[in-house]
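In what follows, a single structure is set out as structure tokens and then discussed.
Read the figures in this text as sums done on the coordinates, not as results from a lab. Bear in mind the structure is a predicted one, so any value in this text is a computation, not a measurement. Counting neighbours? That spans all protein chains shown, and the Cβs are built from the backbone with ideal geometry, glycine included.
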Amino acid sequence: MPIEINSEAAMAPEPARRSFWQAMGRGLVRRCPSCGQGHIFAGYLKVHPHCSSCGLALGAFRSDDAPPYFTIFIVGHVVLPLVLMVERFSAPPIWMQIAFWVPLTLGMTLALLPRVKGAVIGVQWATRAAN
């Protein structure tokens, strides 16, 4: 299947400096860090080989273990203080806590993981880490 490249994006000169925050923001919404139009992922976490809009080689960016580490860091820093506050002020039964905190933690993790991976890919593109 041939890749269609947006002619305007292909003709535009590559800027000498890439915006770190813009690329990370585009990655957070799972869009191409270069053009902001194409999707980064073909599935939940599978990266497209190339951007469908500008042709950027997305397959060259390797995020490896960084997204899970950052996701654990974020979710842990949100959930743990909430768990401690609830335990301190109301002390509900353990079954109720398990029934609430486990799904919340899993839901946050599954929602954040592709976004964090997109942000990592955006940062790699902005810093030219794959070049």
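What to note about this one:
- Taking the fewest neighbouring Cβ atoms within 10 Å as the starting point, the ordered list for 108, 96, 24 is 96, 108, 24.
- Option label - Rg and Dmax of the Cα atoms in Å computed here, alternatives (1) 15.4, 51; (2) 13.8, 38; (3) 18.8, 63: (3)
- Pairwise FRET efficiency - residue 110 versus residue 21, Cβ, R0 = 25 Å, nearest 0.05: 0.50
- At full extension, residue 86 and residue 45 could sit 11.4 nm farther apart than now, given 0.36 nm per residue minus the alpha carbon distance.
- Theoretical FRET efficiency, 1/(1+(r/R0)^6), r = Cβ-Cβ of residue 37 and residue 79, R0 30 Å, to 0.05: 0.30
- Helix 94-126 axis, angle to the chain major axis (alpha carbon atoms, nearest 10°): 20
- Nonlocal amide H pairs with residue 47, under 5 Å, H built at 1.01 Å: 42
- Exposure proxy order (Cβ contacts within 10 Å, fewest to most) of 63, 90: 90, 63
- The C-alpha atoms of the chain define a longest principal axis, and helix 66-89 lies at about 20 degrees to it.
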